Structure formats: C-alpha cells, structure tokens
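Before any comments, here is the structure.
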Amino acid sequence: MLQSLCWALLAPTRALLSVRRSVTRLAVAAAAVAAGAAYGLWGLWVLLRSGPRGALSRKVRAEPPPGLEDGTYGQHGWLRLKVLLASPTAGVGPSVPGGCVGPPRLWGVRKAPRKGELQP
C-alpha cells in the first residue's frame, strides 16, 4: 500500500524528468546540426572566395600587425623563432617519424661521444 502510494506520487516527477531528458537531447542535437551547417557554409564560402590554394595556404607576416606596435592593446612583444623539429628513426629502410617533437635536448638523447671520449 505504502509502496504503491509512493509510486503514484513519484510518477509525475519521473515523467517530467524523462521529458526533460528528451528535450535536452533534442536541443543538443539541433545545436550540433546548426553549428555543422554554419561551419560548412562558411568553409564553402571561403573556398569559393579564395580558391583551394588561397583557402589552404598560410600567410606569413613580415611584420607584426599594426595594433600591436602602437600600444592600442597594451604592450606586446614579437618573437621570431626558427624551430628545428627532429624525429628519431631506427633501423635500415624508409624513415618513420617517431612520437618525439621538439628539440632533441628535450628527449633526453645524448650526442654520440667523440673519438677517444668515454660515454657517461
């Protein structure tokens, strides 16, 4: 008797929770479809406007943007880097890059000892 009374009192709450869960899932799915359509149309517009080569090319700036030099947005520094990325390979045959990215000194790899030196 008590259990059936509790079941009857909780039935509307359970129904509302299931409706809420369904509405939430539907809203998330609609937002995902809308975002996908918007980004797809934007990508198509960029591709048609500048062509495949222009859309996929990377522009390299010779100087920093004008807003960074005049102090409009505060003080900014401009750093030019020449990065050497190396990947270790082992064995004979075609080179297969490993998972190490960055300067070799960060890998814990030591240089080969010179002739006459002992390796630590």
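The numbers here are math on the coordinates, done by the rules we state, and not lab data. Remember, predicted model here, so these are calculated numbers, not experimental data. No Cβ is skipped: glycine too gets one built from the backbone with ideal geometry, and neighbour counts run over all protein chains shown.
Some notes on this structure:
- Two-site label geometry, residue 48 and residue 20: point separation in nm, points 7 Å out along Cα→Cβ: 4.4
- Descending Cα extents along the principal axes, region 1-59, whole Å: 75, 16, 11
- Backbone HN-Hα couplings from phi across region 53-66 [Karplus 6.51/-1.76/1.60, Hz, Gly and Pro as x]: 5, x, 6, 9, 7, 10, 8, 9, 7, 7, 9, x, x, x
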